[in-house]
Structure formats: C-alpha cells, structure tokens
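Single-structure report; data block below.
The values are calculated or read from the model by the stated rules, or taken from the named source; none is laboratory data. All of these numbers come straight from a predicted model, not from anything done at the bench. Cβ placement follows ideal geometry from the backbone for every residue including glycine, while neighbour counts extend to all protein chains displayed. Surface areas here come from the heavy atoms of the whole protein model, side chains and all, with no ligands, DNA or RNA. Shrake-Rupley method; radii C 1.70, N 1.55, O 1.52, S 1.80 Å.
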Amino acid sequence: MSSVTEKERIISLDIMRGFAILGIFLVNMLSFHSPFLYIDPLSWWTDSSDQTVYGVIDVLVQASFYPLFALLFGYSVIMLRERVLKKELNFNVIAVRRFSFLLLLGLGHAFFLWFGDILAMYAVLAFIFLLFVKMNGKSLLITGLVIYIIPNLLLCLLLFAAELIFPPDDLTMYDNSLAEDAAAVYHTGTFTEITAERIEDWYANNVGGFPVMLISILPLFLIGGGAAKLKFLENAGQRRSLFRNMAIITFILGLLIKLLPYIMNGSLALDYVQDTFGGPLLAVAYGSFIAWAVGNMHLLKLLKPLAYIGKMSLSNYLFQSLLCSILFYGYGFGLFGEISVVTGTVLVIIIFFIQLLFSRFYAKRFLYGPVEWVWRSFTYWEIPKMKK
C-alpha cells in the first residue's frame, strides 16, 4: 500500500534531488570545517585560490540549492497527497506522522551531528504548508510568489534604509571573537562541549532567523506544490521549449543578482538581495535545465547517475554530516579550522563520487535508502518491502 513503483517515480525529480545534495554539500562543507556562521569569508580566507573557489561557490551555489530542495519538497508533498487520497487514506494523519518524524530526525541531526540542519525547519514549515494544500495549482503558485516577493522586497528596502542611518559596523553579522571561540571548541572540545556549541549555533542560525525562513522557504513549498498540481514535470516532454527558455532567462537574471556584491561595494542589504532573489532564480534555472535535459537521450544518460543519489537523498545528506563531524570535530580527527576552502571542495567531490557509486550499488538492490525506509515505515505505520 505504501510503496512507490519505479514507473510512478519521475526521473527528473530524482536527478534534481541528487544535484541539490551536491550543491548543499558544497556550501555545508564551509561550515563543517570552519566557523562560517560568524566570519567574513573574504577576510577570513586570505589565500587567492581559496577566495576564488569561495567566490564561485558563493555566486553559483550558495542560496541556490536549499531553494531547489524546498521547491522539490513542496512538489513531493502534493504528489504524496494525491497518492494517499487515491488510496482513500487519511492524508492529514499520514502527513502529521511524516513531518513529526522529520522534525525529530532534524533535531537529532542538529544537536548531535551538525548545527546547520535543514530538516527540522522544513518539518515545522511543512505543518504550516498543510493549511494550503487544498488550493488549486494556480492559486498555490500566485500565493507563493506573493508571500515570497512582497515581504522580502520590504525587508530589502528596510536594510538599505538602515545602511543610510547606521554605521556599517553596527549592521554586520560577522564576529571574529565568536568565530574563534567556536573554532576552538569544534577543534579540540569534548563531545559534550561540542554538543553545547552545536545547540547554541543551531539556535542562532534557526530560532532567531525563523521569520526570515517563514518568508523564504514556506512560499517555495507553495510554488513547488503549485507546479505539482499543474503536472509540470509529469508532462515535461510537452514543455521542453518552456523549460529551455526558463533556464536561460532565470540563469542570466540570477547570475546578475548574485554578482551584485562583487560589482558594487558589498553590504548586508546587497548580500540579502543576492541570496534572496539571485539564489532562487538560479535554483529555477538549474531545475528547468534538468527538466529540459531529460528529454535528450545523451544528456539523460549523463545526468542519470544523480538519480541514484536523489532516490536516497535523506540518507546521503545525513551521511555527509556524520562523516564530516568525525573528520573535523575534536572527538574525531579534529581537522576543524585546519583545511582550506580548496581542500574542502576537493573533499566534497571525492565523498560525493563515493556516495554516487554506493547509491548506485544500493539502489539496484533495494527500494529505499535506509533512512527513507524508516521514515516510510513511520509515515504509513507499516513495514514496507525493502528488497527489489
């Protein structure tokens, strides 16, 4: 009753998830090995190669892949709802169990592995998303765009106004003393000390920023859900020219916005514009390119390995945190603060390639990733078939 056949899966969704896991890992690695939450990256990393690699990640990756994942999350929730209703099950009960498990998993991930967890925040916002799921596709798209654009534009204007009034030092989010304290704990601290630091950093990163997350992630759930109701990806073959044009236009616009802090004098307001508007535009560009590319046999063959990662994206995401916590924290190899941006990026490529090989091996034998299997069992309150 709870299984999803291979025919029911949408290959472009799995490829997008796999691609998003790579992008998220590239950005997360900066926080895995350095106190990224508190630093000015271009001041903290002074080597030109580190600054160049960071600049590429900042422009092409940062703030572009969690929006892509949020869009895919909204799309998947609507697909789940349609499957559940078709089987005449109670969607609200199943959704509450599903999101409750995700919340608990996310909190465990944040407190015991890595403070930058996105799962708990997604779970909280998913409960709010349930208030909107009965809307039709067009209404979901419009509501999501309105909730996203208007509050974020107002916040941008407030930030620009604040920069005219207050000194730049009063508006910075960087704090070298906090960065050095966090680096010392993560580098040499005990598990208890590191856990306390993780919780403190998680609180600073999530609880204080919840209002911003509410207007930055929730509307993306709605937009992704609207696209699902309109069957954007199910009928991708009929929309290839649309996806191609969307990819080109949103990539150009997104790239221009992402480059603003480098073209002009960087500021908190410009950084917010860069991430809040440039990031999602690039997310749409990447997703649209994949939706277009799967219609080409040669491009599909090239991208298809990412689908293996995407089918078990949750397991792969958590494995990255587990491995990196062992590599970088004091209770493991203690490499926190010891490696460069370049080295960290090379590590991402190596680890991701190994994950890809293992995911391919695993997916040919099992229907679900290990964490996905537990999540599905909790969601449907039954143990699904595991082996193919």
So the helices (runs of 4 or more DSSP H) completely within the stretch 249-363 holding 2 or more residues that are under 25 Å from Ala227 (Cβ atoms) are 279-293, 297-303, 305-311, 313-328
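For Phe160, indicate whether it is at pLDDT 95 or above, among the aromatic types (Phe, Trp, Tyr) and either open to solvent by 40 Å² or more (accessible area, probe 1.4 Å) or within 23 Å of the chain's Cα centre (by Cα) (or both).
no
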Of the conditions (1) over 21 Å from Gly224 (Cβ atoms); (2) assigned to a helix (DSSP H, G or I), the single one that Leu89 does not satisfy is (2)
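Can you tell me which residue among Tyr203, Tyr186 is within 24 Å of the chain's Cα centre (by Cα), more than 25 Å from Phe73 (Cα to Cα) and among the aromatic types (Phe, Trp, Tyr)?
Criteria check complete, one pass: Tyr186.
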Expected output for the stretch 172-200 (first residue outside any helix (DSSP H, G or I), partner open to solvent by 60 Å² or more (accessible area, probe 1.4 Å), Cβ below 7 Å, 6+ apart or cross-chain) is Thr190/Tyr331
- Query: Quick check: is even one residue across the stretch 59-79 without any contact (Cβ under 8 Å) to a residue 24 or more places away in the chain and under 30 Å from Gly144 (Cα atoms)?
  - Reply: no
If you go through Ile215, Ile150, Ile165, the only one that is surrounded by 14 or more Cβ atoms within 10 Å (Cβ to Cβ) and of a type in the set (A, V, I, L, M, F, W, C) is Ile215
Taking the stretch 375-388 and keeping only residues that are touching a helix residue (DSSP H, G or I) at 6+ places or on another chain (Cβ under 8 Å), not in a loop (DSSP other than H, G, I, E, B) and not aromatic (Phe, Trp, Tyr), one is left with Thr379
By residue number, the members of the stretch 29-44 that are open to solvent by less than 20 Å² (accessible area, probe 1.4 Å) and more than 17 Å from Pro261 (Cα to Cα) are Met29, Leu30, Ser31, Phe32, His33, Ser34, Pro35
How many residues of the stretch 307-328 are of a type in the set (Val, Ile, Thr) and within 18 Å of Ile194 (Cβ to Cβ)? The answer is 1
Counted residues in the stretch 89-124 being more than 25 Å from Glu197 (Cα to Cα), open to solvent by less than 50 Å² (accessible area, probe 1.4 Å) and in contact with a helix residue (DSSP H, G or I) (Cβ under 7 Å, 6 or more places away or on another chain) come to 4
Inside the stretch 36-57, the number of residues satisfying the requirement of being aromatic (Phe, Trp, Tyr), in contact (Cβ under 8 Å) with a residue 40 or more places away in the chain and assigned to a helix (DSSP H, G or I) is 3
The lone condition Ala123 fails out of (1) in contact with a Ser or Thr (Cβ under 9 Å, 6 or more places away or on another chain); (2) touching a residue at least 40 places away in the same chain (Cβ under 8 Å); (3) among the hydrophobic types (A, V, I, L, M, F, W, C); (4) assigned to a helix (DSSP H, G or I) is (2)
